[in-house]
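Q: Sharing a structure, written as structure tokens. Questions coming.
The values are calculated or read from the model by the stated rules, or taken from the named source; none is laboratory data. Remember, it's a predicted structure, so these values are computed and weren't measured experimentally. Every residue, glycine as well, gets a Cβ built from its backbone with ideal geometry; the counts of neighbours run over all protein chains shown.
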Amino acid sequence: DGGITQSPKYLFRKEGQNVTLSCEQNLNHDAMYWYRQDPGQGLRLIYYSQIVNDFQKGDIAEGYSVSREKKESFPLTVTSAQKNPTAFYLCASSTPDRVGGYTFGSGTRLTVV
Amino acid sequence: DAKTTQPPSMDCAEGRAANLPCNHSTISGNEYVYWYRQIHSQGPQYIIHGLKNNETNEMASLIITEDRKSSTLILPHATLRDTAVYYCIIEPAGGYQKVTFGTGTKLQVIP
């Protein structure tokens, strides 16, 4: 079955360490996105990529970095510059015209202690 | 981008229709209305979308007013598994603009 895989589901890191969240899709979607969700809040866009080797900042990109070397993969690095990294991170993908909307992964819950 | 307004929470009795409203009074002519739902600690799931005509699929129906300033998502026979947060978002038909998922409507289906 086609879909998006995020790993790991739970991640714990010490303050000051960089951490990379994985996102892989086999839907042949061109566009991929990273969102952050805090408790009781909506989703905020961190970064998005519409094609390989190109990506743009979303609304809350500070302290995060991404790469898009392959169509299937869009990893997110949470750097030590991110002041409040503890959150639920969601990856999504879509076709350029977003017929059928976004397909989301099951998320990674990052806890920084 | 058009912004949306949804009630923060609603209750619905199991087996009854759940009608979830969304106001989007600043929607442009080429913008679609999309609905998603998020069950606790999972990624949002696409439900349905529409431009100006009413739409129906196996999950739900979408009713868009003639002036397109509001819409209603209808779950015809709500079950306990429909308990979730429902998001209404607006997206342009072509190209990509940053999309905001607000806090949505928390639907509680009651036995």
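Q: Which numbered condition in (1) in a loop (DSSP other than H, G, I, E, B); (2) without any contact (Cβ under 8 Å) to a residue 12 or more places away in the chain; (3) within 11 Å of chain B (Cβ to nearest Cβ) is the only one that A:Asn84 fails?
A: Tallying (1) in a loop (DSSP other than H, G, I, E, B); (2) without any contact (Cβ under 8 Å) to a residue 12 or more places away in the chain; (3) within 11 Å of chain B (Cβ to nearest Cβ), A:Asn84 fails exactly one: (3).
Here is a yes/no grid of residues against (1) over 22 Å from B:Thr4 (Cα atoms); (2) assigned to a loop (DSSP other than H, G, I, E, B); (3) within 14 Å of chain B (Cβ to nearest Cβ); (4) not aliphatic (A, V, I, L, M):
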| residue | (1), (2), (3), (4) |
| --- | --- |
| A:Leu27 | yes, yes, yes, no |
| A:Gln41 | no, yes, yes, yes |
| A:Ser49 | yes, no, yes, yes |
| A:Phe55 | yes, no, yes, yes |
| A:Asp59 | no, yes, yes, yes |
| A:Arg68 | yes, yes, no, yes |
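Q: Among A:Arg68, A:Arg36, which is the only one that is charged (D, E, K, R), under 27 Å from B:Trp35 (Cβ atoms) and at pLDDT 95 or above?
A: When all the criteria are applied, what remains is A:Arg36.
Q: Same structure, new question: Would you be able to say whether some residue in segment B:72-90 is surrounded by fewer than 18 Cβ atoms within 10 Å (Cβ to Cβ), hydroxyl-bearing (Ser, Thr, Tyr) and within 14 Å of chain A (Cβ to nearest Cβ)?
A: No - not one qualifying residue is present in segment B:72-90.
Q: Here are the criteria: (1) in contact with a Leu (Cβ under 8 Å, 6 or more places away or on another chain); (2) farther than 24 Å from A:Tyr47 by Cβ. Tell me which single one B:Val85 does not satisfy.
A: (2)
Q: Being out of contact with any strand residue (DSSP E or B) (no Cβ under 7 Å at 6 or more places or on another chain), at negative phi and of a type outside the set (A, V, I, L, M) is true for just one of B:Thr56, B:Thr72. Which residue is that?
A: So the residue among B:Thr56, B:Thr72 that is out of contact with any strand residue (DSSP E or B) (no Cβ under 7 Å at 6 or more places or on another chain), at negative phi and of a type outside the set (A, V, I, L, M) is B:Thr56.
Q: Would you point out which residue out of B:Asn30, B:Asn53, B:Asn23 is of a type in the set (S, T, N, Q), closer than 19 Å to B:Thr100 by Cα and modelled with pLDDT under 90?
A: B:Asn30
Q: Something else: I'd like the full set of residues that are loosely packed, with under 15 Cβ neighbours inside 10 Å and in contact (Cβ under 8 Å) with a residue 60 or more places away in the chain, limited to segment B:15-44.
A: B:Gly15, B:Arg16, B:Ala17, B:Ser28, B:Asn30
Q: Go through segment B:91-107 and give me each residue that's in a strand (DSSP E or B) and either more than 24 Å from A:Arg44 (Cα to Cα) or within 11 Å of chain A (Cβ to nearest Cβ) (or both).
A: B:Glu91, B:Pro92, B:Phe101, B:Lys106
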